[in-house]
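Report on the structure given below.
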Amino acid sequence: MEKEGFDPTNEQYKKVKHLPYGVQHEYKDITEEDGGGFAIKESVENYESAKQAAAIIKNITGEDLKAEDVLLDQFIKGEEKITKEKKEALKTLQEGSSVRLDFDTIGLTENREIMMQAVKNNGANLQYASFELLGDKELVLKAVRRYKNDNPKKYYTTPFKYAVPLQGDREFVMEIMDIDASGFYYAADHLKSDESIALKAISLGIGLEYIGYSLRSNKEFVRKAVYANVDCIESSVSFRDENNDIAIDKELAIDIVNRKGESLYFLPWNLKNDTEVIVVAIKNNPESIKYVPESIKKKIISILKNN
């Protein structure tokens, strides 16, 4: 709490000992010879090391350098090293090989050209992109396409899960779903309750249980969903654990099993035990009888025989 609102430029702070106790460990005093005051500990230590280096160089070569000169030279060399590493990484990627990419790889994951090549090689490499690049639509699209091409039968996962800055972009989510329907799983919650997007997801094979609650608990929407893709209830484990939060009434249940008898298995428990629903299911597909509860199976067989 002591650190909250702390302003190191406040004139009341002359030395580290004057600072709030909670932040003193982050700072170090500057010698009076170097101007006094205090600064971030790492900066002071780097400056002190540069002074020592300048003194050693003067003693050996006679060259009169300042600490600032040494620090500047280190900075230039550091930038040259990073530039060289970026060029080498890009060349390696272009040749089809992989390079070490992670959040500690300085300069690489923030470089758009390198990340473009990285996702071209493997869409999953999007996970290493900087947060800023995760909002780059062209980069994300390229990653999703490549991943889907390499994993055409792999569902429930897509590099889009890493693209947090774009998961609330309605039009972009629709574009992603055209490439890989799995993108819907990682869309922002408010988009999962967008009827147009939800119906598109249903038509692409997404189950009703992944649709926003406000829609899947709406009878009219569920009817539209079933008409768009009767298989949309097949992944609905909520029916099988008796937690029915998907709005299916008897009329719609009959419509469902009349389209696909074996869908009886996925209906809510109360409808799976309804004799009228069961009869329609079995007439559509006789094998549906295996999903009829044993307690009423004899009754259903008798009804079917009489018909």
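Taken together, the values in this text are just the output of simple stated rules run on the coordinates, not laboratory data. Computed from a predicted model, the values in this text were never measured in an experiment. Virtual Cβ from ideal backbone geometry, glycine too; neighbours counted across all protein chains shown.
Does Gly207 qualify as being within 21 Å of Ala228 (Cα to Cα), surrounded by 16 or more Cβ atoms within 10 Å (Cβ to Cβ) and in contact with a His (Cβ under 9 Å, 6 or more places away or on another chain)?
Numbers: within 21 Å of Ala228 (Cα to Cα): yes; surrounded by 16 or more Cβ atoms within 10 Å (Cβ to Cβ): yes; in contact with a His (Cβ under 9 Å, 6 or more places away or on another chain): no.
Judged against the criteria, Gly207 is not a match.
Please determine, by comparing only the residues of region 110-126 that are charged (D, E, K, R) and touching a residue at least 24 places away in the same chain (Cβ under 8 Å), which one is nearest to Arg146 (Cα to Cα). Can you show your working first?
At the first step, the residues of region 110-126 found to be charged (D, E, K, R) are 110, 112-113, 120.
Subsequent filtering for residues that are touching a residue at least 24 places away in the same chain (Cβ under 8 Å) retains 112, 120.
Values: Arg112: 17, Lys120: 6 Å.
Restricting to residues being charged (D, E, K, R) and touching a residue at least 24 places away in the same chain (Cβ under 8 Å), the top hit is Lys120.
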